Amino acid sequence: MAVVRMNKITILGLGKERARLMESLMAAGVVQISESTAEEENPGISVPQNHSELVRLDRILSELSASLETLRRYVPVKKPLFSTKRVISREEFESVLASSDAVMETAREINACESHITALKSEENRQRALLASLDVWMDLEFPLEMNNTRTTSIVMGTLPVGVDPDDLEKTLADEAGEASLVRSGCDRNFNYILLVVHKAKEKEALALLKDKGFNRIDFKDMQGTPRENRERILKSLEELAKEREEYAGRIKLMSDSRESIETLYDAVLMEKERAEAAGKLLATRSVFLLKGWLPAEISENIKNWLEENFLCTVQITEPEPDEETPVLLRNGPVAESIKPVIDMYGVPSSREIDPSATTMLFFIFFFGMIVADAGYGLILALAGGLAVRLFRMEEGARRFMKLVFYAGLATVFWGVMFGGYFGIEAMAQYALWFNPSGTEGGTEKLMAYCLLFGIIHLYTGHAMKALNLIRHNQWKDAIMDVLFPVIMFTGFAMVILPYVPGIDPDAASRISPLGVIVLIAGVALTLATAGRNSPTILGKVFGGLPKLYEIISFLGDALSYLRLMALSLSGGILAGLINGMVSGGSIIFRLTGGLVLLVVGHAINFAMSILGGYVHSCRLQYLEYFSKFLEGGGEPFHPFSAKTRYIMVKQEDEALCKQI
C-alpha cells in the first residue's frame, strides 16, 4: 500500500558478455534501463548504433504480422471470453527459433498467396466493370473491334437522355448527309447509340453530336460481338474465382503454422526490445555501461547475482532526497483492484503517498450507494467473482474484474441498507436503515447523508495533502495550508447546518452559534498565515484574502455529492416502474410479454445503473478528491522485460526469480 522505493543501478561489464547479460535482465524483468548520452570530450565512448538492425527487425515483424492477419481472416479462431497469452515451455520456444527460417518462409508464402488473391480480386473487379459496361450493347450483333468499313466510319457512344435520337438522326441527314443512329439501350442518364456515317462526313457528324453532349466509347482489346465478349468475361470470372479459391485453400492448409508464427513474432519482438535497450547504453570497444532503476528491496540480490554470474561491476546508489524516480505502486489484493481507475487519471509522483487504499474504499462506497440494489449487486459480484475464479486472464483484466466483484459487494450492502431488491416495493419495508423513496422524509435524510459522506471524502483529500507535506518535514505548511482552511470549512458547514434538509432544526440551531466561532477562528488563522511566503508586507497582510473564496469552492464540491442521491433514487424508481408495468396486466400478459418486458427493462436499468455508478464514482475521485492533494506527473516504472503479444515463456531459470 505504498510507492515502492527505488535505487539507481550502474553496471560496468565486458562487451562480449553484453548480449547474455541483457537476456538475463530481460528474464528477471526488474530493471528499468535509463537513456545514456555520450560526452563529446570522451571520443572513445559512444552509444551503440543499431538503426539498421531495428529496421530489419521491423520489416520481419511487419511480414509476420501480415501473415497472422491473413490467417485471422481466412481461418478465424474463436477466442475465449478473456484473451490471454499462450504459455509455452522454453523447449518449445527454442524449437521454433531453431526452425525460424522455415517459419519465416511459411509466413512469406502466406503473404504471397494473399498478394495473388488481391491481384485476382482487382482483375475480377475490372472484368465485372467491363461486363456492366457491355449490358447496354447486348442488342447489337456487331463486332466491337470494327470501327470502319471501306466507305463508312462506325462510332459508339452516349447521348444525354434529353436528346431525342430520332430528331438528331434527321438533323444529321440534313447537315452531314448519309448517317444513321442505331439505339442500343439506355439508362437513367444516357442513351447508348451507334453512329454509322460516310467517312467524308465523319468530322461534321461528330462535331454535331458533340454539341449535343455526345461522348465516344471505345472497347479496346475486345474481339467479337457484345454477347460473345460477355460469355468470354463470364468464363474468365469463373476461372479467376477458381484460382482465388485455390490460393485461399493454400492459406488454410498453412494455418497449422499459426502458433509457430506467433511464437516467432514474439521472439523477434523480444530481440527488438533488446536492440532498443542496447541503444541506451554507453560502450567502448571492449566494455559497456548500463544505468537504470530497480526496487530498493531487491537491489542487493540483483547486485550479488550479477557479480556472481558475470564479469562485471555493479554499483547501487540511493536517489537524491528531491529526485523523482520511476513509480511502482504495490498494494494488497483488495487495494490493487483500483489500479485501472487510478491509471486513467495518471501516475502519482514518487514523492507522494499512494492513494490506492483510500480511493478503493470511496470508489466502491459511492458506486454501491449509486446502484443501491442488492439484486443488481449480487449479479455484479457473481460475475466478477466467477470471472476471476474460473478464467485465466491478463493482469489488467483480472484487476478490473476484482473491482467489479468488490463494487458488487458494496452494492449488495447498500441495497440491504435501503431495502432495494430489483425494485420490489414489498421488500422496501425490510430495509436495515431506511428506504429513501418509501419512508417519509427519506429523500431529505438521504440528501443530508450524501453531503456528510461528501465532506468526509473532501476532508480525507485534505488529510492526504497534509500527510504528503509532513512526509517531507513541512509541518508548518501542513498546519497553515491544510488545517486552518479545514477549520474554516468546518465552521462554515456548522453555520449553514440548520438549512440542510433532513437535519433536526433544534439540534442544528444549537450547533450553529458554535459554528460562527469556529468559522471566525478559521478565517482569522487563514488570513494571518496564507500570505506568509509573499516577499512584500502587503502580500503578507492581504495574501490570505483569495483563500476566503475557497469557502465557495468547498460548498460547490460538497453539493456535487448530491448526485449520489439523484442517481440512487432514479435507479430504484425506474426498477419499480418496470415492475408496476408488468404487474398491471392479465396473467397471460404477465407470462408472455410481461416477462419479456421485465427482463429487458431490468437489463436496461441494470446497465444504466452500472454505467452511472462507474462514471460518477470516477468523477468524484478525479475532480473532488484527487484535486485536493494529488499532483501526479509521475513516470511509471517500465522494467526491461519480454513484452510479448501472443505467448508467455516459462522461465526455467525461475531460480533467478526466487533468488531475487
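Looking across segment 259-293, just one residue is open to solvent by 30 Å² or more (accessible area, probe 1.4 Å), among the hydroxyl-bearing types (Ser, Thr, Tyr) and under 20 Å from Met104 (Cα atoms), and that is Ser260.
When you check Leu559 against the structure, is it in contact with a Gly (Cβ under 9 Å, 6 or more places away or on another chain), open to solvent by 60 Å² or more (accessible area, probe 1.4 Å) and either at pLDDT below 80 or among the charged types (D, E, K, R) (or both), yes or no?
Values: in contact with a Gly (Cβ under 9 Å, 6 or more places away or on another chain): yes; open to solvent by 60 Å² or more (accessible area, probe 1.4 Å): yes; either at pLDDT below 80 or among the charged types (D, E, K, R) (or both): no.
Criteria not met by Leu559.
Would you say Glu175 is modelled with pLDDT under 85 and either in contact with a His (Cβ under 6 Å, 6 or more places away or on another chain) or over 30 Å from Ala102 (Cβ atoms) (or both)?
It is true that Glu175 is modelled with pLDDT under 85 and either in contact with a His (Cβ under 6 Å, 6 or more places away or on another chain) or over 30 Å from Ala102 (Cβ atoms) (or both).
Against the numbered list (1) within 33 Å of the chain's Cα centre (by Cα); (2) surrounded by 15 or more Cβ atoms within 10 Å (Cβ to Cβ), Ser184 comes up short only at (1). Here Ala448, Ala410, Ala428 are screened, and the one residue that is closer than 21 Å to Tyr561 by Cα and surrounded by 21 or more Cβ atoms within 10 Å (Cβ to Cβ) is Ala410.
Looking at Val55, Val75, Val103, Val47, just one residue is of a type in the set (Val, Ile, Thr), without any contact (Cβ under 8 Å) to a residue 60 or more places away in the chain and either more than 22 Å from Ser255 (Cβ to Cβ) or open to solvent by less than 50 Å² (accessible area, probe 1.4 Å) (or both), and that residue is Val55. Checking the structure you have, find out if any residue of segment 502-510 is outside any helix (DSSP H, G or I), open to solvent by 70 Å² or more (accessible area, probe 1.4 Å) and acidic (Asp, Glu). The answer is yes; a qualifying residue exists.
Among the residues making up segment 583-626, a single one is crowded, with 17+ Cβ neighbours inside 10 Å and modelled with pLDDT under 85: Gly594. For segment 431-458, a residue qualifies if it is under 29 Å from Ser627 (Cβ atoms) and either in contact with a Gly (Cβ under 6 Å, 6 or more places away or on another chain) or of a type in the set (A, V, I, L, M) (or both), and the qualifying residues are Pro436, Glu444, Lys445, Leu446, Met447, Ala448, Leu451, Leu452, Ile455, Ile456, Leu458.
Residue by residue, here is whether (1) β-branched (Val, Ile, Thr); (2) in a helix (DSSP H, G or I) holds:
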| residue | (1), (2) |
| --- | --- |
| Phe288 | no, no |
| Gly292 | no, no |
| Trp305 | no, yes |
| Glu308 | no, yes |
| Ile316 | yes, no |
| Glu320 | no, no |
| Thr325 | yes, no |
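Considering every residue within segment 370-377, establish whether at least one is closer than 30 Å to Ile470 by Cβ and either modelled with pLDDT of 90 or more or of a type in the set (Phe, Trp, Tyr) (or both). No: segment 370-377 contains no residue that is closer than 30 Å to Ile470 by Cβ and either modelled with pLDDT of 90 or more or of a type in the set (Phe, Trp, Tyr) (or both). Please verify whether Glu297 is part of a helix (DSSP H, G or I) and either in contact with a Gly (Cβ under 9 Å, 6 or more places away or on another chain) or at negative phi (or both), treating the condition exactly as stated. Criteria met by Glu297. Within segment 314-324, is there a residue that is hydroxyl-bearing (Ser, Thr, Tyr) and farther than 30 Å from Ile647 by Cβ? Yes: one or more hits.
Residues are listed down the side, and each one gets a yes or a no for (1) in contact with a Leu (Cβ under 9 Å, 6 or more places away or on another chain); (2) in contact (Cβ under 8 Å) with a residue 12 or more places away in the chain; (3) of a type outside the set (A, V, I, L, M); (4) surrounded by fewer than 16 Cβ atoms within 10 Å (Cβ to Cβ):
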residue: Ile193; (1), (2), (3), (4): yes, yes, no, no
residue: Val196; (1), (2), (3), (4): yes, yes, no, no
residue: Lys201; (1), (2), (3), (4): yes, yes, yes, no
residue: Arg227; (1), (2), (3), (4): yes, yes, yes, yes
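Counting the residues of segment 129-154 that are farther than 14 Å from Lys220 by Cβ and either of a type in the set (A, V, I, L, M, F, W, C) or free of Cβ contacts under 8 Å to residues at least 24 places away in the same chain (or both) gives 10. Anything in segment 457-498 that is open to solvent by 50 Å² or more (accessible area, probe 1.4 Å), assigned to a helix (DSSP H, G or I), under 16 Å from Arg351 (Cβ atoms) and not aliphatic (A, V, I, L, M)? List them, or say none. Lys465, Arg471, listed by residue number.
The values are calculated or read from the model by the stated rules, or taken from the named source; none is laboratory data. Note that the structure is predicted; figures quoted are calculated from it, not measured. For neighbour counting, all protein chains shown are included, and Cβ atoms are generated from backbone atoms with ideal geometry for every residue, glycine included. For the accessible areas, the whole protein counts, side chains as well, though only heavy atoms, and no ligand, DNA or RNA atoms are used. Shrake-Rupley method; radii C 1.70, N 1.55, O 1.52, S 1.80 Å.
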